[in-house]
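S.K.: This structure is in C-alpha cells; I'll ask about it shortly.
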Amino acid sequence: MAGKKVLITGAARGIGAACAQELAAHGATVLIADIDGDAVKATANELQRKGHAVESMTVDVTDETQIQSLVSHIDERWQGQLDVLVNNAAILDGTPLDDLTRSRFQHVQDVNQNSVLWMTLAMRPLLKRSHAARVVNVASILGVLGTADCVPYSTAKGGVISMTRALAIDLADDGILVNCICPGFVDTRMAILPDGSGHEHETDWFKDIYIKYGRIPLKRAAQPEDIAKALAFFCGDGCGYITGQYLMVDGGVTSTM
C-alpha cells in the first residue's frame, strides 16, 4: 500500500477506523470521512499520534453536495490521486415490520445502499487515473441471510452485494476492481442492543446458540481488526485478477445455516 491514496467512509469508529489503521500501517495515506465530525477528527488525531498518514473530513454520504466537496478536496489535496475507495458508511436498523414506515425504509436504503453507488460514481474519474484502482464495499451476512426485524437493513446490504457484482462488470474497462466483504457478528457499537439495555454478544441467547452450540464455529465474535485484515487483501496487489466477488468474514457462521 506504500504510496497509495485511500478514502474510507463511515470511519469514525469500528470497522472503518480499523481499516484506516490497517491500511495506513502498510504505507497508505488515508482520508477518513464520517457524518460525526468530532469523532472522525478524534480518530484521525489518534492515528496520527501513532505515526500514520491519516486525515479526516466531515461528510454525509447521502448529500450530493458534500460528496462533491469530498471529490474537490481529494483533487486539491492529493492532486487527484485516489487508488482505493472503501464504502463502509452504514446505519443499523431493527425496525419491526409492523412499525416500518416508508420514510424509515428509504433512509436506510439511502445510507446503506444508495450511497455506495453515488460515492463510487463520484470517485470514478479519480479512480480511473490509478494503475491499481480498487473499490471495496462493506455489506453484511444479513445481505444473504434473513432475520427478524431486518427488512430495511437486509434489503440494503443484499443490494450492496448485487451492486458490487454489477459495478465490477461496468467498471472493468476503467481498470477498477470492485469487491465486497460481508462481516458477521462484530464487536462494534452496532452490537449494542437497540434499546440500550446491553451488548448483543453478552446475551444468554448469543452465548448459547452461537458460542456454546457452535453456530459460529470459531466461537467468538469478530473484532474490527479481523474485518480490516480481510478487507486489506482486496485493496492490495494480491487481488489483481479478482473482481465482482463477495467474501464472508464471519467465523464460519454462514456455513452452519
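The values are calculated or read from the model by the stated rules, or taken from the named source; none is laboratory data. Quantities reported herein were computed from a predicted structural model and do not represent experimental measurements. Backbone-built Cβ (ideal geometry, glycine too); neighbour counts: all protein chains shown. Quick note on the areas: whole protein, heavy atoms, side chains included, nothing else; ligands and nucleic acids left out. Shrake-Rupley method; radii C 1.70, N 1.55, O 1.52, S 1.80 Å.
S.K.: Restricting attention to the stretch 19-74, report how many residues are open to solvent by 50 Å² or more (accessible area, probe 1.4 Å) and either touching a Gly at 6+ places or on another chain (Cβ under 7 Å) or of a type in the set (S, T, N, Q) (or both).
M.R.: 10
S.K.: Among the residues of the stretch 32-43, is there at least one that is closer than 16 Å to LEU85 by Cβ and among the β-branched types (Val, Ile, Thr)?
M.R.: Within the stretch 32-43, one or more residues are closer than 16 Å to LEU85 by Cβ and among the β-branched types (Val, Ile, Thr).
S.K.: Please determine whether any residue of the stretch 101-118 is open to solvent by 10 Å² or more (accessible area, probe 1.4 Å) and touching a residue at least 60 places away in the same chain (Cβ under 8 Å).
M.R.: no
S.K.: A follow-up question, please. With the condition kept exactly as written, say whether any residue in the stretch 231-238 is modelled with pLDDT under 90, acidic (Asp, Glu), open to solvent by 60 Å² or more (accessible area, probe 1.4 Å) and under 30 Å from LEU117 (Cβ atoms).
M.R.: The answer is no, given that none of the residues of the stretch 231-238 is modelled with pLDDT under 90, acidic (Asp, Glu), open to solvent by 60 Å² or more (accessible area, probe 1.4 Å) and under 30 Å from LEU117 (Cβ atoms).
S.K.: Oh, and also: Name the residue that is farthest from CYS235 (Cα to Cα), counting only residues in the stretch 121-137 that are open to solvent by 10 Å² or more (accessible area, probe 1.4 Å) and of a type outside the set (A, V, I, L, M).
M.R.: The selected residue is PRO125.
S.K.: Let me ask something additional. Only residues that are in contact (Cβ under 8 Å) with a residue 12 or more places away in the chain and open to solvent by 50 Å² or more (accessible area, probe 1.4 Å): list them for the stretch 78-90, please.
M.R.: Hit for the stretch 78-90 is GLN81, nothing else.
S.K.: Further, regarding this structure: Residues that are at negative phi, among the aliphatic types (A, V, I, L, M) and at pLDDT 95 or above: find the helices (runs of 4 or more DSSP H) completely inside the stretch 78-182 holding 3 or more of those.
M.R.: Those helices (runs of 4 or more DSSP H) span 115-127, 151-170.
S.K.: Output the number of the condition that ASP60 fails; it satisfies all remaining conditions of (1) closer than 25 Å to PRO183 by Cβ; (2) in a loop (DSSP other than H, G, I, E, B); (3) in contact (Cβ under 8 Å) with a residue 40 or more places away in the chain.
M.R.: In the conditions (1) closer than 25 Å to PRO183 by Cβ; (2) in a loop (DSSP other than H, G, I, E, B); (3) in contact (Cβ under 8 Å) with a residue 40 or more places away in the chain, ASP60 misses (3) alone.
S.K.: Still on this model: Taking the options TYR213, TYR241, name whichever one is more than 24 Å from GLY27 (Cβ to Cβ), surrounded by fewer than 14 Cβ atoms within 10 Å (Cβ to Cβ) and free of Cβ contacts under 8 Å to residues at least 24 places away in the same chain.
M.R.: TYR213
S.K.: Does SER140 satisfy the condition of being in contact (Cβ under 8 Å) with a residue 40 or more places away in the chain, within 22 Å of LEU82 (Cα to Cα), surrounded by 17 or more Cβ atoms within 10 Å (Cβ to Cβ) and hydroxyl-bearing (Ser, Thr, Tyr)?
M.R.: Here the answer is no, as SER140 does not meet what is asked.
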